[in-house]
1. Just checking, which of Ala112, Ala78, Ala82, Ala70 is more than 16 Å from ligand 1 (Cβ to nearest atom), under 30 Å from Gly224 (Cβ atoms) and either at pLDDT below 95 or in contact with a His (Cβ under 8 Å, 6 or more places away or on another chain) (or both)?
2. Counting only residues that are hydrophobic (A, V, I, L, M, F, W, C) and more than 13 Å from ligand 1 (Cβ to nearest atom), which one in the range 35-65 is surrounded by the fewest Cβ atoms within 10 Å (Cβ to Cβ)?
3. Can you list the strands (runs of 3 or more DSSP E) found entirely within the range 168-268 that contain at least 3 residues being at negative phi and aliphatic (A, V, I, L, M)?
4. Looking only at the range 132-153, decide whether some residue is out of contact with any Cys (no Cβ under 6 Å at 6 or more places or on another chain), assigned to a helix (DSSP H, G or I), among the aliphatic types (A, V, I, L, M) and under 18 Å from Val196 (Cβ atoms).
5. Across the range 14-35, which residue is nearest to ligand 2 (Cβ to nearest atom) among those that are more than 20 Å from Leu69 (Cα to Cα) and in contact with a helix residue (DSSP H, G or I) (Cβ under 8 Å, 6 or more places away or on another chain)?
6. Regarding the range 198-216, can at least one residue be identified that is away from ligand 2 (no atom under 16 Å from the Cβ), among the polar types (S, T, N, Q) and in contact with a helix residue (DSSP H, G or I) (Cβ under 9 Å, 6 or more places away or on another chain)?
7. So which residues in the range 165-203 are more than 16 Å from ligand 1 (Cβ to nearest atom), among the aliphatic types (A, V, I, L, M) and surrounded by 19 or more Cβ atoms within 10 Å (Cβ to Cβ)?
Amino acid sequence: MESVLWRLENVSFAYRDKPVLQGINSVLQAGRCIGILGPNGSGKSTLLDLLAGLLHPQTGRILFQGKPLARYRRRDLARCLALVPQHFRISFDFSVREVVEMGLHPHLARFALPSFEDQQQVEKIMRQTGILALEKRPITRLSGGEQQRVAVARALTQRPQVLLLDEATASLDIRHSLALLQLLRQRVQGGIFSVVAVLHDLNLAARFCDELLLLHKGRCQAQGPTAQILDPRILEEVYGVESEIHYNDFTQSQQVSLRLPASPLHEN
Ligand code: ADP
Ligand code: MG
């Protein structure tokens, strides 16, 4: 499956008068797990919101499956794209199960109730994301990491062609991080969906991403196969850190060791 999901043509975006992304040209292919990396404030979340159609570029355009994103109806987009936002906030006391069931909405006829199969699907996803035991708890009283897993479960329930994740492992413990990324990886390999994930951890990116896109100062600094982008010169340029990168037998992937330069010349 080698088809184009998004095509970004000279995309620029600013919040009021604050330019964030400038002249981004990029093609994102289906069938892989694409990692978006970059320092704090480099525009990763903004880029994800643009891909999800929640924000619109001031210049340039974004095509999704050959058609301008701006021309899609919300509901049609929700059937193909699911976003796990960086800050998942629901202020009303819905139960965990109710929140996960919200993922069914784009597929249900108006006012229709979930079918028995839908219910079973919801339960399966709650089991896989380790939140079944929490199903009756109010969402507002869960820990940050538990809420994040609920957000992932809701997105999986949406049965998307592409899952967009914004630092979805940020408040997960190490076991849950690995379990989530493995679950996503298996679905990507099984051709069930593609993944675009903002990650901070270079070692997780090395293990789970086929391709990386590196943002730096509002521009796409580099994009390509993971092994090619995880390069000491590129990491030094973007993050101002020194790195050593080697293949690790234990994790069966490239792994990165990092340190600050002895005398940092500049703050990145
Ligand atoms: P990242 O996710 O890479 O940390 P963001 O895309 O969240 O970066 O933000 C990029 C820049 O845009 C940051 O400097 C941030 O302060 C700014 N920014 C983000 N959201 C808004 C907003 N709603 N209004 C104004 N500025 C924003
Ligand atoms: Mg962000």
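The values are calculated or read from the model by the stated rules, or taken from the named source; none is laboratory data. Keep in mind the model is a prediction, meaning the values are calculated, not measured. Note that we place each Cβ from the backbone using ideal geometry, even for glycine, and neighbour counts take in every protein chain shown.
1. Ala70
2. So in the range 35-65, the residues hydrophobic (A, V, I, L, M, F, W, C) come out as 36-37, 47-48, 50-52, 54-55, 62-64.
Within this subset, residues satisfying the condition of being more than 13 Å from ligand 1 (Cβ to nearest atom) are 62-64.
Numbers: Ile62: 20, Leu63: 17, Phe64: 23.
For the range 35-65, the residue satisfying everything is Leu63.
3. Filter on the range 168-268 gives 194-198, 211-216.
4. yes
5. Among those that are more than 20 Å from Leu69 (Cα to Cα) and in contact with a helix residue (DSSP H, G or I) (Cβ under 8 Å, 6 or more places away or on another chain), it is Gly35.
6. So far as the range 198-216 goes, no, none of its residues is away from ligand 2 (no atom under 16 Å from the Cβ), among the polar types (S, T, N, Q) and in contact with a helix residue (DSSP H, G or I) (Cβ under 9 Å, 6 or more places away or on another chain).
7. Hits for the range 165-203 are Leu172, Leu180, Leu181, Leu184, Val188, Val195.
Each row is one residue, and each column tells you yes or no for (1) touching a residue at least 40 places away in the same chain (Cβ under 8 Å); (2) over 14 Å from the mean Cα position of the chain (by Cα).
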{"residue": "Ser177", "(1), (2)": "no, no"}
{"residue": "Arg185", "(1), (2)": "yes, no"}
{"residue": "Val188", "(1), (2)": "yes, no"}
{"residue": "Phe193", "(1), (2)": "no, no"}
{"residue": "Asp201", "(1), (2)": "no, no"}
{"residue": "Ala206", "(1), (2)": "yes, yes"}
{"residue": "Leu213", "(1), (2)": "yes, no"}
